[in-house]
Amino acid sequence: MNSLLKYLRDVSHLAFPFNCFGCGNALDEDELPICNECQSSLPLTRYWEYDDNEVAKMFWGRIPLEHATSLMYFIKDGLVQELIHQLKYNGKKEVGSILGELLGAKLKETPFSDVDVVVPVPLHASRLKKRGYNQCDFIASGISAALEKSNNNRIVKRLRANETQTTKSRYERWINVKELFRVEQPQFVMGKHVLLVDDVVTTVATLEACADALLQVPDTRVSIATDACPSPY
Ligand SMILES: [Zn+2]
């Protein structure tokens, strides 16, 4: 690094020390933005190692996927919840990039490495305007960097913001998520294996609707990868 840049960074580091987004402890400059200790204590699922995992099973009988996985278990009040919170509600986009890179590195020696393009689940324009960014874009770009595959956040468009679904009947919920997404650029997924990326898989409805839209394009295959999923424990 050029010495002036290094000087400026060291000075800014003194004025605004960098803290781990997981535990809040001060970081060494080579461990931005999540400290090594937090990284080694992430509750990894290892679901990328086998196809009949708990995330894949969430989609069984609903939509034909090639593979599905999550990187970590989402444990309430735990480290993963903190990281996802920082990413989604505290403007810490770097958390998305690093969690994407960690996930991509796990997928590298697996059948997931067969994907052609990485596609983040889009936010609706109104939500994007409010938050200023789509957290999934950063996860997707981290994955695509690790897998050395392209990523594209303009292929799919979200037509509506997801309405609250708790008071709706099962049929109304189904109508609500149906046609939630539209593939705007089918030429980029036709004949391709798409890796669809979300931050957390809580319910399958949104991912299912997005995957369904992609699968309407002829000769398209879809896999799903998320950073976090419910913990079975
Ligand atoms: Zn930490």
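The values are calculated or read from the model by the stated rules, or taken from the named source; none is laboratory data. Quick caveat: nothing in here was measured; it's all calculated off a predicted structure. Reconstructed Cβ throughout: ideal geometry from the backbone, glycine too, with neighbour counts over all protein chains shown. What goes into the accessible areas is simple: the full protein's heavy atoms, side chains included, and nothing from ligands, DNA or RNA. Shrake-Rupley method; radii C 1.70, N 1.55, O 1.52, S 1.80 Å.
Applying 1/(1 + (r/R0)^6) with R0 = 41 Å to the Cβ-Cβ distance of Arg182 and Lys76, what FRET efficiency is obtained, to the nearest 0.05?
Numbers: r = 34 Å, r/R0 = 0.84.
The pair Arg182/Lys76 has a calculated efficiency of 0.75.
Considering only protein heavy atoms, what per residue accessible area in square angstrom results for segment 43-230 with a 1.4 angstrom probe? Walk me through the numbers on the way to the answer.
Values: 9060 Å² over 188 residues.
On a per-residue basis, segment 43-230 sits at 48 Å².
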If one compares the long axis through the Cα atoms of helix 3-15 with the longest principal axis of the Cα atoms of the chain, the angle in degrees, nearest 10, works out at 90 degrees
Given pairs Lys108/Lys157; Lys93/Lys130; Lys108/Lys149; Lys57/Lys92; Lys92/Lys129; Lys106/Lys149 and cut-off 22 Å on Cα-Cα distance, the over-length ones are Lys108/Lys157; Lys57/Lys92
Expected unfolding gain across Ser126-Glu109 under the 0.36 nm per residue rule, minus the alpha-carbon gap, is 2.3 nm
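Please sort by residue number the GluC sites (Glu not before Pro) in segment 54-128 whose DSSP state is loop and whose Cβ has at most 13 other Cβ atoms within 10 Å. Intermediate results must be reported in sequence, preceding the final value.
Details: sites: Glu54, Glu66, Glu82, Glu94, Glu101, Glu109; in loops: Glu66, Glu109.
Listed in order of number, the matching sites are Glu109.
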So, over other residues within a Cβ distance under 12 Å of Ile63, counting Lys, Arg +1 and Asp, Glu -1, the net charge is -1
Magnitude of the Cβ-charge dipole (Lys and Arg +1, Asp and Glu -1) of the chain about the Cα centre, nearest 20 debye, reported as 1140 debye
Given a Förster distance of 35 Å, the FRET efficiency implied by the Cβ-Cβ spacing of Met190 and Arg46, rounded to the nearest 0.05, works out to 0.60
From the Cα centre of segment 191-216 to that of segment 20-76, the distance in Å is 18 Å
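With the full set of protein chains in place, find how many percent of the accessible area of the chain is carbon and sulfur; take the probe as 1.4 Å.
Values: 6390 of 12360 Å².
The C+S portion of the solvent-accessible surface of the chain is 52 percent.
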Residues meeting the amide H criterion for Gln185 (H placed from the backbone, H to H distance under 5 Å, 5 or more places apart or on another chain) are none
Per residue, the convex hull enclosing the alpha carbons of the chain has a volume in Å³ of 149 Å³
For the chain, the longest principal axis of the Cα atoms and the Cα long axis of helix 205-215 enclose an angle in degrees, to the nearest 10, of 70 degrees
In the neighbourhood of Lys106 defined by beta carbon distances under 12 Å, the net charge of the other residues (Lys, Arg +1; Asp, Glu -1) is -2
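Quick check: with the 1.4 Å probe, what order do Met190, Met58 take by accessible area, largest first? Working shown, then result.
Values: Met190 100, Met58 50 Å².
Highest to lowest solvent-accessible surface, that is Met190, Met58.
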Counting only DSSP beta bridges with both partners in the chain, the antiparallel fraction in percent, to the nearest 5, comes to 20 percent
The answer for Ile224, listing residues at least 5 apart or on another chain whose modeled amide H is closer than 5 Å to its amide H, is His67, Ala68, Thr69, Leu196
Out of Asn25, Asn152, Asn134, a Gaussian network model of the chain with alpha-carbon springs under 10 Å gives the largest mean-square fluctuation to Asn25
